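Written out below as structure tokens is the structure these notes cover.
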């Protein structure tokens, strides 16, 4: 693996191998402190990339190890050639050190069971949550645009950004609205330019503009708030769960999603999410939203916000995560000791 970019891949590999000396020392110190002061019932790792330290913590604390399953497989798909194979192999070898997993969706739960060899009984999905109250929502913008958010990872979607712009630019869909294409910047992608110049040129020729999807929360919310509708394009391998969809909904923006993966779970919990199977269905759904009256659009924006408040809030996620952890504790804890029955003569 080449030592380019920020070196994040080397750090992750060392953590998975348990060979990072500095990390091992810190984990040993942490385990000693936890054993002396907190006496936890379970250790919850925020990513499987930390599973290399699981044996050390389990030996020191004698408690189950739980592990979140977020977008790690998505991030590995950004790697090229042997890098992806090496990382996936190491991850598959490390999962046996955990006692339970909490994937971000039912779709991802099935995928990690299949690709990493995790038992079905060892997983309990919990959808992500966001702090909705910290995201401002206002009336529909006066000069709204249609946003096209392009996610990366593995094989790109058959619907290119330029094709999407061409369809969405039709008068019955866009009218005089601008089409803003936001391309994702992957932290693990270092071997290519930030954005393919050919993609930028083709989108521009089709009548759209190109920008980088903001990573800063305030900038991301400002971007979504300027949209009339957000259209997401996902790669051929759907993401585990696209949390940016929740950010858009929390900003009061209706969303169009590919009819794949965890998107179906989101659509099942929000009446402001619409699924499409082809670029023509995408255009048709966008045209319906554009033709809606001002009152209907305002109602839809309230529905988008409400669905996040009720189904994807941080308190809801915290409660479901606590329940999942309790299940892992119960399943992996030894049975309670029982007092021996007294003998007939009263002697034990």
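Derivation of every value follows stated rules applied to the coordinates shown; laboratory data play no part. No experiment lies behind these values; they were computed from the predicted model shown. Neighbour counts run over all protein chains shown; Cβ positions are idealised from the backbone, glycine included.
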Residue-span extension gain [residue 142 to residue 306] - 0.36 nm each, minus C-alpha spacing:
56.8 nm
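Given a cut-off of under 8 Å on Cα pairs at least six residues apart, what relative contact order in percent is computed for the chain? Before the final figure, lay out the partial values.
Numbers: 573 pairs, mean separation 61.0, N = 348.
Relative contact order comes out at 18 percent.
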Could you give the nm distance between label points at residue 172 and residue 93, where each point is 7 Å from its Cα heading toward the beta carbon?
5.8
Taking a crude spin-label model, label points 7 Å out from Cα along the C-beta direction, the residue 32 to residue 106 distance in nm is 4.7
Subtract the Cα-Cα distance of residue 243 and residue 327 from 0.36 nm times their separation in residues, and report this length gain in nm to one decimal.
27.7 nm
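What is region 122-184 by shape, rounded, prolate or oblate, if you read a ≥ b ≥ c off the alpha carbon gyration tensor as root eigenvalues and call it rounded for a/c under 1.5, prolate for a/b larger than b/c, and oblate otherwise? Could you put the intermediate results ahead of the total?
Numbers: a/c = 3.06, a/b = 1.26, b/c = 2.43.
Oblate, because a/c is 1.5 or more while a/b does not exceed b/c.
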Could you calculate the FRET efficiency of residue 120 with residue 155 from 1/(1 + (r/R0)^6), where r is the beta carbon distance between them and R0 is 41 Å, rounded to 0.05?
0.90
Distance (nanometres) between label positions extended 7 Å along Cα→Cβ at residue 133 and residue 293:
3.5
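Using the C-alpha gyration tensor of region 132-311, what are the square roots of 5 times its eigenvalues, in whole angstrom, with the largest one first? Please report the intermediate quantities before stating the final value.
Details: eigenvalues 107, 71, 51 Å².
Gyration-tensor ellipsoid for region 132-311: 23, 19, 16 Å.
Under the 0.36 nm per residue contour assumption, what length would be gained going from the current alpha-carbon distance of residue 44 and residue 317 to full extension? Walk me through the numbers on the way to the answer.
Numbers: separation 273, 0.36 × 273 = 98.28 nm, distance 1.46 nm.
Answer, rounded to one decimal: 96.8 nm.
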